[in-house]
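S.K.: Okay, here's the structure, questions in a sec.
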2 protein chains.
Amino acid sequence: MAEKLSTSPYKGSRDFYPEEMALRKWMFSKVRGVLESFAFQEYDGPLLEPFELYAAKTGDEIVNQQLYSFTDRGDRKMAIRPEMTPTLARMVAAKVQELPKPIRWYSIPNLWRYERPQRGRLREHWQINVDLLGGNVEQSNAEVLAIAGAIFKSFGGEQFVEIRFNNRRLMDAFFAHLELGAEGSYALGKLIDAKAKMNPEAFAVELQKILEANSKQASDVPAKTLIFQSFLASDLAGLSKIAGLKDSAEFIKATQELLDFEKQLSNRKLPVKTKFDPSIMRGLDYYTGIVFEAYDLSPENNRALFGGGRYDNLIGLFSKSELSGIGFGLGDVTLMHFLETHKLLPVNQDSQLIYIGCADEALIPHSFDLESQLRGQQRAVVSGQGFDSLKSHLKAASRVQARYFIGLLGDEWARGKVILKDLKTGQQSELSVKDELAKFLAAT
Amino acid sequence: MAEKLSTSPYKGSRDFYPEEMALRKWMFSKVRGVLESFAFQEYDGPLLEPFELYAAKTGDEIVNQQLYSFTDRGDRKMAIRPEMTPTLARMVAAKVQELPKPIRWYSIPNLWRYERPQRGRLREHWQINVDLLGGNVEQSNAEVLAIAGAIFKSFGGEQFVEIRFNNRRLMDAFFAHLELGAEGSYALGKLIDAKAKMNPEAFAVELQKILEANSKQASDVPAKTLIFQSFLASDLAGLSKIAGLKDSAEFIKATQELLDFEKQLSNRKLPVKTKFDPSIMRGLDYYTGIVFEAYDLSPENNRALFGGGRYDNLIGLFSKSELSGIGFGLGDVTLMHFLETHKLLPVNQDSQLIYIGCADEALIPHSFDLESQLRGQQRAVVSGQGFDSLKSHLKAASRVQARYFIGLLGDEWARGKVILKDLKTGQQSELSVKDELAKFLAAT
């Protein structure tokens, strides 16, 4: 006898049985509601894209270690999308002249990365992608954060969320001021990005190493260390007072951008907390302006929820036109964990399903008529399959978790009546098909 | 300068810009509504499945010529799903004991096949999969056809659809009676399947060839030809009178199954036409009972719309348990063509979008308050990005196809008023923010 195949889904992927599927649909439907109230429009693209789309723009780690790529039967190198931005860029580039600006688009694609599965990281996940392209920079930046806040508010979880933001231009000016060269700046950026995961001593040791290795004169290192510490400890108001940095015109300009951004946020009264955080780095190569990352503030789920930022020249791979935008991506696994942690999932709704059980063969056509009629009134209805005793039908009705049971019996039907039982309360009555049944159901 | 990449989607796949996406969402939302009114529950599975799932059950043509398969970074042979049934089987097999029967499930996955793209055949398409498992055979068969009919009715296209059905057991008995051996029966089945696409002379020639090559005595061929012709020309009532065949107990039993099935269909008063058709073969190896195929009767779109049938032992690859079911698959491209042909697509709905334009910087925070308030009333709202003249705002509002324009100006605001313009009718008025605006919008 042949060996049986495993019933498990592929490692890092999930089966959505009706119960899980209902949760996923509920979650995405809330998100869609918020996005559409902000006049964002949904788009979608193919699951497969030419490999070159990712080779050119996506980070090295993804392309070399995580991308699902293969050669198709026509010898074309293809990839399963690991992120949505290259598809967005391709689609926008194709119609960049005719699309009215600003472009407000969202998508909820499934994405694939070859990851070692762990909490919050799967090989297949869905990602809510929100992008606002070609609009006023300051307004768009704030609008996108307002949307992120509104999404969490729609689930009742806004009080747990803090969005921390920074400005890539500020970091560029800061790195330029430290005069560490390209390599030293890159290393320092990576170090800042890793700060939250390091202990302070190890962090200090690494910092010294980078400063020493990339400074022309060893005597500069103590002063640079001081500037670095003041910078990382500074709040937004303090930035313009940091000794040394306040003389950099670029740094002051980037500080002003952050202050303007904060003003826009305050105009919009976001439902979530927001805070300047100079340690937010995000995608060193990709972003060009405001960047942000949202955190769950609760100790049980203390982790990044989503991130995003402003990018220039989104469509450069495809077109000579330029288009800048701001966007973020929020994964379904992360959002679901957040909702679970804070007990924000919907309580099981009472079923409203109607089960029709027929105890008499001659009544079967009538039971189907009744079924169609109830469906016409937007009710979900299921019929017992064939005629059977009321007892058997009642068992079957509770198996499918029906709420209401309608029984058709010969004598009662001849008098124009059916049995109606509320399977939750146990109440049972005889109702006339013509008036009382419709009245009863209209009231439920 | 580097060469620019193409903005076209991969051959045989589609980009869904917001307009096309809105149509796709509309179409699937109607289908979901019908399926849920029949108490069918949605499920989903991973896009990738182990290659063996398809190698074992799916047809040779798909596996050898059309499957997208590759080896993952862990050396596991994987495939992008070309159909949903193997995933359904795997998921059901994993929980076959605990799932209450009958199982009423549906799914709308995207599927991939390496096809030469042509009208109605793409490499990526979405397929509505409806399956009823483990129920009473006759009732389930009819229920699934009733659902297919209800889907077409929900779009207002039921009058164009005819579902033609047959019984695989009838064909088996018929082939057995002709005594053509396994090879001859298989060839004859393929010929019948191709009948609609052949001219009658070529069909007759092929028929003779098959009968001659597979009959022990040449003298049997004329009688077999007659039986064949009578069979293919017969309606359901005539089956039991065909000379020769009426003595086959198996044939008569299968005829009775068809009569019972027709009775069930008539009990349910399907909104679409149904008809027995002995030339419906469908998936020679896969189905085991009732099979069916739906056709568009209109001359402009005279083609198969969808098909399905009853299968036994769905989960045999995974489990020793047995489970039979009936199901069908309906593709999004086919359904969209059907709706286009019969002009059943929704007429462009009037936009209800509200645009808020602010002509005074000091009012910007108030405009955001108003925005939030309107969103709280389930309205889609977009703001002009920053303060600007009313004229510029009005241009921007029409670019995003807003229906209503609300303008905030310093003097009017000081008197508690806003400008409201209906961009469709051109009517403009001054309304009080407190009462009149809410009243106006509640009435739209």
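The values are calculated or read from the model by the stated rules, or taken from the named source; none is laboratory data. Note that the coordinates shown come from a computational prediction; the quantities given were computed from them, not determined experimentally. Virtual Cβ from ideal backbone geometry, glycine too; neighbours counted across all protein chains shown. Note: areas computed on protein heavy atoms with side chains; ligands, DNA, RNA excluded. Shrake-Rupley method; radii C 1.70, N 1.55, O 1.52, S 1.80 Å.
S.K.: Estimate the FRET efficiency between B:Glu436 and A:Glu52 by the formula 1/(1 + (r/R0)^6), using the beta-carbon distance for r and 56 Å for R0, to the nearest 0.05.
M.R.: Details: r = 57 Å, r/R0 = 1.01.
Calculated transfer efficiency: 0.50.
S.K.: Is the C-alpha gyration tensor of segment B:237-296 telling us rounded, prolate or oblate? Criteria: a/c under 1.5 is rounded; beyond that, a/b larger than b/c is prolate, otherwise oblate.
M.R.: Since a/c reaches 1.5 but b/c is at least a/b, the shape of segment B:237-296 is classed as oblate.
S.K.: Still on this model: Please compute the Kirkwood hydrodynamic radius over segment A:307-444, one decimal place, Å, based on all pairs of different Cα atoms.
M.R.: 18.7 Å
S.K.: Ignoring ligands, DNA and RNA, what percent of the accessible area of segment B:37-82 is carbon or sulfur (1.4 Å)? If you can, show how the numbers build up before the last one.
M.R.: On the way: 650 of 1740 Å².
Whole-percent figure for carbon plus sulfur exposure: 37.
S.K.: Mind checking the log10 I(q)/I(0) for segment B:6-51 at q = 0.24, 0.28 Å⁻¹? Debye, one equal scatterer per Cα, no solvent, two decimals.
M.R.: After summing over all Cα pairs, the log10 values are -0.94, -0.97.
S.K.: Specify the angular offset, from 0 to 90 degrees and rounded to the nearest 10, of the alpha carbon long axis of helix B:221-233 from the longest principal axis of the alpha carbons in chain B.
M.R.: Around 30 degrees separate the two axes.
S.K.: Tabulate in residue order the Karplus-calculated ³J(HN,Hα) for segment A:424-440, using 6.51 cos²θ - 1.76 cosθ + 1.60 with θ = phi - 60°, rounded to whole Hz; enter x for Gly and Pro.
M.R.: Karplus-based 3J(HN,Hα) across segment A:424-440 equals 8, 8, x, 5, 10, 8, 10, 10, 6, 5, 5, 10, 5, 5, 4, 5, 4 Hz.
S.K.: Once every DSSP H run of n ≥ 4 in chain B is given -39500 (n - 2.57) and the sum is divided by its residues, what mean residue ellipticity at 222 nm do you get, rounded to the nearest 500 deg cm²/dmol?
M.R.: -12000 deg cm²/dmol
S.K.: With the calculation restricted to Cα positions, what are the radius of gyration and Dmax of segment B:194-269 in angstrom?
M.R.: 15.4, 48
S.K.: I need the fraction of alpha carbon pairs in chain A separated by more than 38 Å, rounded to a whole percent.
M.R.: On the way: 41891 of 98346 pairs.
Roughly 43 percent, rounded to a whole number.
S.K.: Among DSSP bridges having both ends in chain B, what percentage is antiparallel? Round to the nearest 5.
M.R.: 75 percent
S.K.: In segment A:370-401, which residues give up 50 Å² or more of accessible area once the other protein chains are added, compared with their chain alone (1.4 Å probe)?
M.R.: Residues losing area: A:Arg375, A:Gln385, A:Arg399.
S.K.: If you line up the long axis of helix B:390-399 against the longest principal axis of chain B, both from Cα atoms, how many degrees apart are they, to the nearest 10?
M.R.: Compared with the principal axis, the helix lies near 0 degrees.
S.K.: Return the Rg/Rh value of segment A:1-103, two decimal places, where both radii are evaluated on C-alpha atoms and Rh is the Kirkwood radius.
M.R.: Using only Cα positions, Rg/Rh for segment A:1-103 is 1.07.
S.K.: A further question on this structure: With every protein chain left in place, what is the accessible area per residue of the protein assembly as shown in square angstrom, probe 1.4 Å?
M.R.: Here the per-residue accessible area is 45 Å².
S.K.: Select from A:Asn267, A:Ala176, A:Leu132 the residue farthest towards the positive end of the dipole of chain A; place +1 on Cβ of Lys and Arg, -1 on Cβ of Asp and Glu, and compute about the Cα centre.
M.R.: A:Asn267
S.K.: Tell me which trypsin sites (Lys or Arg not before Pro) from segment A:143-228 have a DSSP coil assignment and no more than 12 other beta carbons within 10 Å of their own.
M.R.: Answer in residue order: A:Lys216.
S.K.: Find the sum over both chains of the accessible area lost when A and B are paired, probe 1.4 Å, and report it in Å² to the nearest 100.
M.R.: Rounded to the nearest hundred, the buried surface is 7500 Å².
S.K.: Here's a follow-up. Would you work out the charge dipole size for segment A:227-318 about its Cα centre, treating the Cβ of every Lys and Arg as +1 and the Cβ of every Asp and Glu as -1, and quote it to the nearest 20 debye?
M.R.: On the way: 11 positive and 12 negative charges, 56 e Å.
In debye, rounded to 20, segment A:227-318 gives about 280.
S.K.: While we're here: What residues does segment B:21-39 have that are buried by at least 40 Å² of accessible area in the full protein assembly compared to the chain on its own, 1.4 angstrom probe?
M.R.: Residues passing the criterion (a loss of at least 40 Å², heavy atoms only) are B:Met21, B:Lys25, B:Ser37, B:Phe38, B:Ala39.
S.K.: Once the Cα atoms of the protein assembly as shown are picked out, what are the Rg and Dmax in Å?
M.R.: In Å, with Rg to one decimal and Dmax whole: 32.5, 110.
S.K.: Also, quick follow-up: How many angstrom separate the Cα center of segment B:303-323 from the Cα center of segment B:374-420?
M.R.: Spelled out, the Cα-based centre of one part sits 57 Å from the other.
S.K.: How about segment B:40-86: which of its residues lose at least 50 Å² of accessible area in the presence of all protein chains relative to their chain isolated, using a 1.4 Å probe?
M.R.: Correct list: B:Glu42, B:Asp44, B:Pro46, B:Leu47, B:Leu48, B:Phe70, B:Arg73.
S.K.: How far, in degrees from 0 to 90, does helix B:181-194 lean away from the longest principal axis of the Cα atoms of chain B, to the nearest 10?
M.R.: For B:181-194 against chain B, the angle is about 40 degrees.
S.K.: Check which residues have an amide H placed less than 5 Å from A:Glu42's amide H, if you skip close sequence neighbours.
M.R.: The list, which skips near neighbours in sequence, is A:Tyr106.
S.K.: Here's something else I'd like to know. Taking segment B:214-361, how much of its Cα-Cα pair set, in percent, is spaced more than 24 angstrom apart?
M.R.: Tail of P(r) above 24 Å: 57 percent of Cα pairs.
S.K.: A further question follows. Would you mind listing how long segment A:323-385 runs along its three principal axes, going by Cα atoms, in whole Å with the largest first?
M.R.: So the extents along the principal axes, rounded to whole Å, are 67, 36, 18.
S.K.: So, one more: In segment A:315-411, which trypsin sites (Lys or Arg not before Pro) are in a loop and have at most 10 other Cβ atoms within 10 Å, using DSSP for the loop call?
M.R.: Filter output for segment A:315-411: A:Lys320, A:Lys343.
S.K.: Another question about this same structure. Where Rh denotes the Kirkwood radius from the mean inverse Cα pair distance, what is Rg over Rh for segment B:48-98?
M.R.: My calculation puts Rg/Rh at 1.02.
S.K.: I've got another one for you. Which percent, to the nearest 5, of DSSP beta bridges fully inside the protein assembly as shown are antiparallel?
M.R.: On the way: 100 of 130 bridges.
If I count the DSSP bridges inside the protein assembly as shown, around 75 percent turn out antiparallel.
S.K.: Let me ask something else. Return the carbon/sulfur percentage of the accessible area of segment A:285-444, one whole number, probe 1.4 Å, all protein chains in place. Kindly include the intermediate steps, with their values, before the conclusion.
M.R.: Working: 3580 of 7440 Å².
Solvent-exposed carbon and sulfur of segment A:285-444 make up 48 percent of the total.
S.K.: If I take every Cα pair under 8 Å that is 6 or more residues apart in segment A:351-444, average their sequence separation and divide by the length, what percent do I get for the relative contact order?
M.R.: 29 percent
S.K.: Ratio of alpha-carbon Rg to the 2.2 N^0.38 Å globular estimate for segment A:75-152, to two decimals, please.
M.R.: Ratio of Rg to 2.2 N^0.38 Å for segment A:75-152: 1.34.
S.K.: Please state the relative contact order of chain B as a whole percent: Cα pairs under 8 Å, 6+ residues apart?
M.R.: Working: 666 pairs, mean separation 61.1, N = 444.
Relative contact order for chain B comes out at 14 percent.
S.K.: A further question follows. First check a/c for segment B:371-410, with a ≥ b ≥ c the square roots of the eigenvalues of its C-alpha gyration tensor; if it is under 1.5, answer rounded, and if not, answer prolate when a/b is larger than b/c or oblate otherwise.
M.R.: oblate
S.K.: Turning to a different aspect of this structure: Any idea which of A:Val63, A:Asn110, A:Ala89 is furthest toward the positive side of the dipole for segment A:2-134, if Lys and Arg beta-carbons carry +1 and Asp and Glu beta-carbons -1?
M.R.: With unit charges placed on the Cβ atoms, the residue in question is A:Asn110.
S.K.: If you don't mind, another one. For A:Lys11, enumerate residues with amide H under 5 Å from its amide H, sequence gap 5+ or separate chain, H modeled in the peptide plane.
M.R.: For A:Lys11, whose amide H was placed from the backbone, there are no distant partners under 5 Å.
S.K.: Starting from the 7 Å offset along Cα-to-Cβ, what nm value, one decimal, do you get for the label separation of A:Thr288 and A:Arg32?
M.R.: Calculated label separation equals 3.4 nm.
S.K.: Of the options A:Tyr287, B:Ser429, A:Pro50, report the single residue whose Cα projects farthest towards the positive end of the charge dipole of the protein assembly as shown (beta-carbon charges: Lys, Arg +1; Asp, Glu -1).
M.R.: Value computed over the given set: B:Ser429.
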